[in-house]
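Taking it in order: structure first as structure tokens, then the write-up.
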Amino acid sequence: MSGSLRDVRDERGEVTAVDRFGGGMVEVSVRLPHLAATALPGQFAQIRSGDSFSPLLRRPFSVAWTDGDSASFVLAPVGVGTRLLAALRPGDPLTALGPLGTGFTVGVRAQRSLCVSGGLGCAPFPLLVRALRRQGRDVTVVSGAARSTLLYPAERFRRGDREVRVIELTVDGSAGTPGLVTAAVPERIDAATAVYACGPNPMLAALARTLDGCATLPPLAEVSLEAPMGCGYGTCLGCALPVEGAGGVPAWALCCRQGPVMQIGAVAWDELMKLPPAHVA
Amino acid sequence: MSGSLRDVRDERGEVTAVDRFGGGMVEVSVRLPHLAATALPGQFAQIRSGDSFSPLLRRPFSVAWTDGDSASFVLAPVGVGTRLLAALRPGDPLTALGPLGTGFTVGVRAQRSLCVSGGLGCAPFPLLVRALRRQGRDVTVVSGAARSTLLYPAERFRRGDREVRVIELTVDGSAGTPGLVTAAVPERIDAATAVYACGPNPMLAALARTLDGCATLPPLAEVSLEAPMGCGYGTCLGCALPVEGAGGVPAWALCCRQGPVMQIGAVAWDELMKLPPAHVA
Amino acid sequence: MTPDLSVELGRGLRIANPVGLASGTAGFGFELSELIDMDRVGALFTKGTTRLPRAGNAPPRVAETAGGMLNSIGLQNPGVDVVAQDYAARFTGWQCAVVVNVAGGTVDEYVECVRILDGAPGVDGYELNISCPNIAHGLDLGRDPREAARVTAAVRAVTERCVVVKLSPNVTDIAAVASAVESAGADAISAVNTFVGMKIHRHARRPVLPRTGLGGLSGPVIKPLALAAVAAVRGAVHIPVIGIGGITGIDDALDFLIAGADAVQVGTATFVDPSTAVRIADGLAEYLVGCGLSRCSELRWHAELAGDPAC
Amino acid sequence: MTPDLSVELGRGLRIANPVGLASGTAGFGFELSELIDMDRVGALFTKGTTRLPRAGNAPPRVAETAGGMLNSIGLQNPGVDVVAQDYAARFTGWQCAVVVNVAGGTVDEYVECVRILDGAPGVDGYELNISCPNIAHGLDLGRDPREAARVTAAVRAVTERCVVVKLSPNVTDIAAVASAVESAGADAISAVNTFVGMKIHRHARRPVLPRTGLGGLSGPVIKPLALAAVAAVRGAVHIPVIGIGGITGIDDALDFLIAGADAVQVGTATFVDPSTAVRIADGLAEYLVGCGLSRCSELRWHAELAGDPAC
Ligand SMILES: Cc1cc2nc3c(=O)[nH]c(=O)nc-3n(C[C@H](O)[C@H](O)[C@H](O)COP(=O)(O)OP(=O)(O)OC[C@H]3O[C@@H](n4cnc5c(N)ncnc54)[C@H](O)[C@@H]3O)c2cc1C
Ligand SMILES: Cc1cc2nc3c(=O)[nH]c(=O)nc-3n(C[C@H](O)[C@H](O)[C@H](O)COP(=O)(O)OP(=O)(O)OC[C@H]3O[C@@H](n4cnc5c(N)ncnc54)[C@H](O)[C@@H]3O)c2cc1C
Ligand SMILES: Cc1cc2nc3c(=O)[nH]c(=O)nc-3n(C[C@H](O)[C@H](O)[C@H](O)COP(=O)(O)O)c2cc1C
Ligand SMILES: Cc1cc2nc3c(=O)[nH]c(=O)nc-3n(C[C@H](O)[C@H](O)[C@H](O)COP(=O)(O)O)c2cc1C
Ligand code: FES
Ligand code: FES
């Protein structure tokens, strides 16, 4: 049901680079040889700046990129933890527990892959796109955000690979096509043999509804979900997400072990959207 | 019994200079026009860096010096609060509530003044020395510390006034005369008409014992005491110190209002030294 | 539309805004009145007042902890006669309500204090601090619903002024105590007083605070606990509830109003920033306007409190 | 001289060092055993185990607060049969003691769980989590000394293994509960479980946690409260006391040992740094050597606990 933790290590490394994009979005690269060598697309790490217990809990972040000894995370200052991380400077210490969770399936069914990214949901895609391309897959990224400054730079999805198509949308129309990212999906779904999506849970729920309404469904459809996490490695049982249980009874799956990536059909979307908001946004 | 609070203001100013001495001792100067204009020698301010409630309480610091719009504090990183303050850089915000408490008496009896400073107890003396000198007093500072790097620079007591004598002692003998600061007092006590002392409470208790053993006592003998403080302005009743009460019954005085400066004879030294240690040093 | 911030606490005591200064963190107002504008807070809850003067405990009396502080002041106060004869007249200079916090070791002490204060002008009501050890029974009056009701009823019988009862959180079932004092005639409830805590002086291998080592924990750390207590009390009574515990700014105050409080008190934060209560009162008005609400009670969450297996 | 870190918890259960992994923060050890060396902790206290499997509560189940976290997991666990038949055998691979934390709604459920586990190898003892609502009486078994004694005595009657009783801090008089369970045959006491707390989602104007909004508060914020509880329990019983609450490093562990604990458990901190318990165990040995002490009990402060007027 969920990967082993045998590869997981608690690594401490130095920040090597901090790239700042518009709207506060930041890409932090850290010397984390073990994580860089082992993280699979869609997996995450539990991060804290240094050894401090303040804020108390670590924060989960997708591994966005790996390069030699270095692993990168993409984030924006949305709360106390991300504010600290976004203020990191080269040379600062960062501690990462990982790689954690179940990532995306980069299988045969991913022949023509459609990556659907909403806002900071961009984070796992650079690594996924690279993995798909290494297997010779055809890749289209649909990247949406509220406004142009919150769009992850298209070049960062491609990382120099000009075969990767990036289609941009913004809610306010300040860049790319105006509209929600889900609007760009139906016209491309027929061509796709695999859909991968990451973004806020409501966006993913909207995508699930959109796909429900499509005639042909791709054989592989995976989403990366969020839940507030206590530990990130399966002991606190805090990160439950509602999934379709046996005989229609909803069951819980752990976002940090069975997820964060799940089959879109496995998630109990109605249940998920009925939950009270998990965190003060 | 204790000064009014009418002059007290909560002022926010920018750090203008940070002078670093040996052993971590720091002098922080801050643009605080009101405090600089009103603080009397021996008074203190309740400080926090910025507006944060972390650490929760403000920390009390003597006003060490004032110059135009600027007030200075002398401190060393001994705990969470002082660590933050010692790391301040020019331009950082600092908030100061003050001037607070009862300061030293700079009266006629201060003709030949002996200032006894132990460690960070140096802090109130620059301002006191200036006030005494402005009234034409003769001033000797006896300055002691554990070792040379913890001595407040003699020049900082003088501030260019070459008439001010500074006698240095260190416990380990690494500078000045070897020994405790109190050892230098008896030989000078006959000449003094006023003694002012500031340092850790045990040092002050030792001084009180030393004076008890002297033949002639100066007509004015004042000490600046410490107590853990909740508010600094007389409402929490947290900073009680034992004083000689009516009929030998010990009574409590508030360090932040009746103190921090008290007549040496008013303090119930035996009671004070019997108290459990107030803080994790 | 200007929002109406006033709150009726009972027996005609209407405070102009729902932000009070908590007992023991504002003395009798004399120091603070030199630092802030007392007319802009809703009410001053005075330092605990006892029948006879009290010198207080031996120091150290306060100790900081991460995000909080412990105190063991020992109810230092000048005694009720001084408050009634000297202080009360001076309270009349302020627009804010003045509620005298009353403490005692026996029911009679509470009653005597209130009788003595009842003649004084400038006193708008009483807050019964029932979190102090009952000398006769060995347990705080506030820890047993029957004892809490007994002291409330006895005070209720001797005054027509507003009687607020301040609850201890160190109980198994705060809702039961709340219900009991409501039935006994309390006009309003303050929740909560400090939590029993300890700090260790590692080097000395003993607690920092003297004797028992115990003190009352206050400040931001207690906020989640105080919110739970306020929600529980709210579910048990129909009288106004004044929420207290770790409030440092408008956001904290809103949390208490949402959890079920009708008003709040600012305690420890006043030590750190004397203007906290005034800032919150001003901020609340602005906040309500921003949300298009006309009174704080519209913020409230309506709980369906029920037993819930945790862990 | 190498210090002796071992602690006898009762009925022959001696743990190699006084640092345990707290219930619900280490699962059944399987995940953690891939991250840390289980042989270096004194004991694993498993996730709360019930007679029948439990799916747990609806999310969100955890919410961070300043310096702490709230949880409302709802005792998700596979049920005692799986633990006894499948997990227990796997426990034997570790050197550390394994104490199964048992929970239930009725006394019978506790007894049944312990009976079923009593045959299993790899289980060294039981920790009775009596902080869960008693379905019959509406109040936690752990909130009433008599109920607490009843469940303790019933379990005591069916096992010769070590029985630890884990107390709830949400009570008026934890010392009374401690005394009661000691008299009823408990071998040791764990103090404390989480404190009832609440976090508000300001924008949604409701608590973050579902239904009642209540959760159990753990982490550094509860340390001063847990220390006070441990000191109170220490003063009331003669059996070993395991201190729990906000321990993140050796300094915190020392505080508990000074306040009266014989051993400690690390809870929430394990989430943040899985190696916390191991680091503390290693650090304690070093610390004792540095102080020239030969066992942890020499650190203890000897209290003369007595009623003390606070505030
Ligand atoms: C598996 C996983 C991977 C993630 N990857 C990324 C990423 O690559 N880039 C990125 O920007 N964000 C990512 N997130 C979201 C990110 O973890 C949160 O934005 C972050 O925890 C917010 O922390 P904060 O202290 O700034 O916010 P605060 O609101 O101050 O945090 C308060 C609490 O709420 C929780 N919380 C807050 N926001 C979220 C959220 N959106 N999702 C889950 N819990 C939340 C925190 O864990 C914390 O306990 C990921 C989340 C998960 C679950
Ligand atoms: C009136 C007065 C004036 C002072 N002036 C100076 C000065 O000019 N320069 C200077 O270096 N120090 C001065 N001190 C001492 C200074 O306030 C403490 O060193 C400082 O509070 C330590 O804070 P911390 O967070 O670094 O230590 P922590 O130990 O982390 O603080 C923990 C708690 O203990 C209290 N505390 C810790 N140390 C002391 C102490 N020595 N005295 C009183 N309370 C303490 C703090 O207020 C806090 O509540 C003065 C103290 C008082 C009472
Ligand atoms: C130093 C101090 C003294 C206090 N004295 C009293 C008191 O005399 N009577 C009382 O009812 N509460 C007293 N309290 C409790 C406060 O009124 C308040 O209930 C508690 O501190 C929690 O609020 P806070 O977290 O905002 O401080 C005192 C609190 C402190 C910190
Ligand atoms: C997520 C979580 C789940 C818990 N589950 C249990 C449980 O099943 N049984 C139990 O007795 N205690 C449980 N606890 C309480 C802990 O064992 C411990 O008593 C408490 O968290 C205080 O310690 P800490 O501050 O070190 O976390 C749980 C705590 C947390 C945070
Ligand atoms: S975050 Fe702890 S189990 Fe998933
Ligand atoms: S520090 Fe509050 S009264 Fe002195």
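Here, each number is a calculation from the coordinates, and none is a lab measurement. Keep in mind it's a predicted model, so treat the numbers as computed, not measured. Every residue, glycine as well, gets a Cβ built from its backbone with ideal geometry; the counts of neighbours run over all protein chains shown.
General remarks:
- Of all the residues in the stretch D:268-307, those that are crowded, with 19+ Cβ neighbours inside 10 Å and of a type outside the set (F, W, Y) number 17.
- Any hit, the stretch C:114-134, residues being within 14 Å of chain B (Cβ to nearest Cβ), part of a loop (DSSP other than H, G, I, E, B) and touching a Phe, Trp or Tyr at 6+ places or on another chain (Cβ under 7 Å): no
- When A:G50, A:G13, A:G23, A:G42 are checked against the criterion of being more than 14 Å from ligand 1 (Cβ to nearest atom) and either touching an Asp or Glu at 6+ places or on another chain (Cβ under 7 Å) or not in a strand (DSSP E or B) (or both), A:G50 stands alone in meeting it.
- For the stretch D:65-86, the criterion of being at the interface with chain A (Cβ under 9 Å from one of its Cβ atoms), assigned to a helix (DSSP H, G or I) and over 20 Å from D:G142 (Cα atoms) is met by no residue.
- Tally of residues being more than 16 Å from ligand 3 (Cβ to nearest atom) and either more than 9 Å from every other protein chain (Cβ to nearest Cβ) or among the aromatic types (F, W, Y) (or both) across the stretch B:251-264: 8
- Restricting A:E155, A:E168 to those that are touching a Gly at 6+ places or on another chain (Cβ under 6 Å) and not hydrophobic (A, V, I, L, M, F, W, C) reduces the list to A:E168.
- Residues (facing chain B (nearest Cβ under 10 Å) and more than 16 Å from C:R90 (Cα to Cα)) located in the stretch C:15-35: C:L21, C:G24, C:T25, C:L35
- When the stretch D:212-243 is filtered for residues that are on the phi > 0 side of the Ramachandran plot and more than 8 Å from chain C (Cβ to nearest Cβ), only D:G219 remains.
- In the stretch D:215-249, the qualifying residues are those that are of a type in the set (A, V, I, L, M, F, W, C) and surrounded by fewer than 24 Cβ atoms within 10 Å (Cβ to Cβ), and the one that is nearest to ligand 2 (Cβ to nearest atom) is D:A236.
- A:W252 passes every criterion in (1) part of a strand (DSSP E or B); (2) more than 16 Å from ligand 4 (Cβ to nearest atom); (3) closer than 28 Å to D:T46 by Cα apart from (2).
- Boolean, B:L88 is part of a loop (DSSP other than H, G, I, E, B) and at negative phi: yes
- Restricting attention to the stretch B:204-243, the residues that are in contact with a helix residue (DSSP H, G or I) (Cβ under 7 Å, 6 or more places away or on another chain), within 14 Å of chain C (Cβ to nearest Cβ) and either away from ligand 3 (no atom under 16 Å from the Cβ) or not in a loop (DSSP other than H, G, I, E, B) (or both) add up to 5.
- Considering residues of the stretch B:41-68 that are farther than 16 Å from C:F271 by Cβ and surrounded by fewer than 16 Cβ atoms within 10 Å (Cβ to Cβ) only, the residue farthest from ligand 6 (Cβ to nearest atom): B:G68
- Residue check for B:L275: over 15 Å from B:G121 (Cβ atoms), buried (at least 22 other Cβ atoms within 10 Å of the Cβ) and within 16 Å of ligand 6 (Cβ to nearest atom): no
- Condition met for D:L209 (surrounded by 24 or more Cβ atoms within 10 Å (Cβ to Cβ), closer than 17 Å to C:A228 by Cα and within 14 Å of chain C (Cβ to nearest Cβ)): yes
- Test: residue in the stretch C:71-87 that is touching a residue at least 60 places away in the same chain (Cβ under 8 Å) and not polar (S, T, N, Q): no
- Of the residues screened, D:G246 is one that is in a loop (DSSP other than H, G, I, E, B), within 12 Å of chain C (Cβ to nearest Cβ), of a type outside the set (V, I, T) and under 21 Å from D:M69 (Cα atoms).
- Restricting the stretch C:157-186 to residues that are facing chain D (nearest Cβ under 10 Å) and among the β-branched types (V, I, T), the residue that is surrounded by the fewest Cβ atoms within 10 Å (Cβ to Cβ): C:T172
- A:T149 being of a type in the set (S, T, N, Q), assigned to a strand (DSSP E or B), out of contact with any Pro (no Cβ under 9 Å at 6 or more places or on another chain) and under 27 Å from A:T66 (Cα atoms): no
- Among the criteria (1) under 18 Å from C:V278 (Cα atoms); (2) within 16 Å of ligand 6 (Cβ to nearest atom); (3) within 16 Å of the chain's Cα centre (by Cα), the one C:K47 does not fulfil is (1).
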